[in-house]
Structures are given as structure tokens and as C-alpha cells.
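Reviewing the structure listed below.
The values are calculated or read from the model by the stated rules, or taken from the named source; none is laboratory data. What you see is a predicted model; the values in this text were computed from it and never measured. Cβ placement follows ideal geometry from the backbone for every residue including glycine, while neighbour counts extend to all protein chains displayed. SASA here: full protein model, heavy atoms, side chains in, ligands and nucleic acids out. Shrake-Rupley method; radii C 1.70, N 1.55, O 1.52, S 1.80 Å.
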Amino acid sequence: MTDDVFASSVFFQLSVAGNDLGAFHTCEGLGAQMEVEQFAEGGNNGFTWQLPSRITWSNITMTRPVTADSAKVLKWFGEVVQRAERKDGEIVALAPDLTPIVRWQVLGVLPIRWQGPSFDPSQSQAAVETLEFSHEGLAAS
């Protein structure tokens, strides 16, 4: 059996330009897709070359129950509305005891959607917020 810690029941800590935006319960969209161009070489009928082209990074979506840190996200979103400046950030996957499992450097972060909670007194569920942002690349650290 391995001693590795697997990211199963984790929290995700988000910071952008050194500003801690708090912990999130879900993190979706850590991914990329490489486009390829096909090149058929004359005289070579056995295969077609697959040449790497552009890389497309998925938007990242993070959710959590509304907390005092929710104000930090709205403040950041407001700053970007005033001056759209991409800044680098970091997502840290945390184990249940809050020890770091893995870190991802997120390059050129730009918030593109924030969805606040829906309040319905007929249902007893946590008020949840969602943050979606685009970026220019990921690097593990």
C-alpha cells in the first residue's frame, strides 16, 4: 500500500496576486486541450503527422458556501471591472486537516463570472456562491 495522500475530500485555497480569497469546496476545470494540425507528407502513405499547435485552457469554476471571504471575491471582481488586469494566482488542494496536497500556479487570472447565492426560505440548504475565471495556463509547483 502506498503512503501517498490522494485528493479525495479536500478544500481548495485560492489566492490571486498574493491576496487570499479563502477556501472553496469544489474546483472544476483544471485542464487543457492541445490542438493538432495534420500534415500529409508526400510519399508517406503509412501515417499523417500530428503537429502540435495551440493549447486551450479550460475555465476554472470554484464553489463554496457563503462566508466572510465572499466579500474578498466581490472586492477583487470590482477591482477588475475598474481595471482589467490579469494577475497570477495559486490554487492549493488541502487535505481535511488543511495540510497542502498539491499546488497549481495559475497564470493570467481574470474573473469572468460570479454567481451569488439564491435565498429560498422554503428550502433549508446552504447559501452557495460560484466563481468562474479564465487563465493563460497552469503549472504545478
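Restricting region 45-122 to trypsin sites (Lys or Arg not before Pro) that sit in a DSSP loop and have at most 16 other Cβ atoms within 10 Å of their own Cβ leaves ARG83, ARG86. Sparsely packed loop sites in region 73-141 (the GluC sites (Glu not before Pro) outside DSSP H, G, I, E and B with at most 13 other Cβ atoms within 10 Å) comprise GLU85, GLU136. Ranked from largest, the principal axis spans of the Cα set of the chain equal 70, 50, 36 Å.
Output the Kirkwood hydrodynamic radius of region 89-141, Cα pairs only, in Å rounded to one decimal. Value: 13.5 Å, from the Cα pair sum.
Ordering ALA84, GLN125, VAL109 by the projection of their Cα atoms onto the charge dipole of region 18-141, which places +1 on the Cβ of Lys and Arg and -1 on the Cβ of Asp and Glu, puts ALA84 at the extreme positive end.
Stretching GLN105 away from VAL36 to a fully extended chain increases their span by 22.3 nm, per 0.36 nm per residue minus the current alpha-carbon distance.
Report, in degrees rounded to the nearest 10, the 0 to 90 angle that the Cα long axis of helix 70-82 makes with the longest principal axis of the chain. With both axes taken from Cα atoms, the answer is about 60 degrees. Sorting ASP69, ASP120 by solvent-accessible area of protein heavy atoms yields ASP120, ASP69, largest first, with a 1.4 Å probe. Every helix of 4 or more DSSP H residues in the chain counts as -39500 (n - 2.57), and over all residues that averages to -3000 deg cm²/dmol at 222 nm. Please find the FRET efficiency linking VAL128 to GLN50, where r is the Cβ-Cβ separation and R0 is fixed at 30 Å, and quote it to the nearest 0.05. So, using R0 = 30 Å, E works out to roughly 0.10. When chymotrypsin sites (Phe, Trp or Tyr not before Pro) are flagged only if DSSP places them in a loop and at most 16 other Cβ atoms lie within 10 Å, the longest unflagged stretch of the chain comes out as 48-118.
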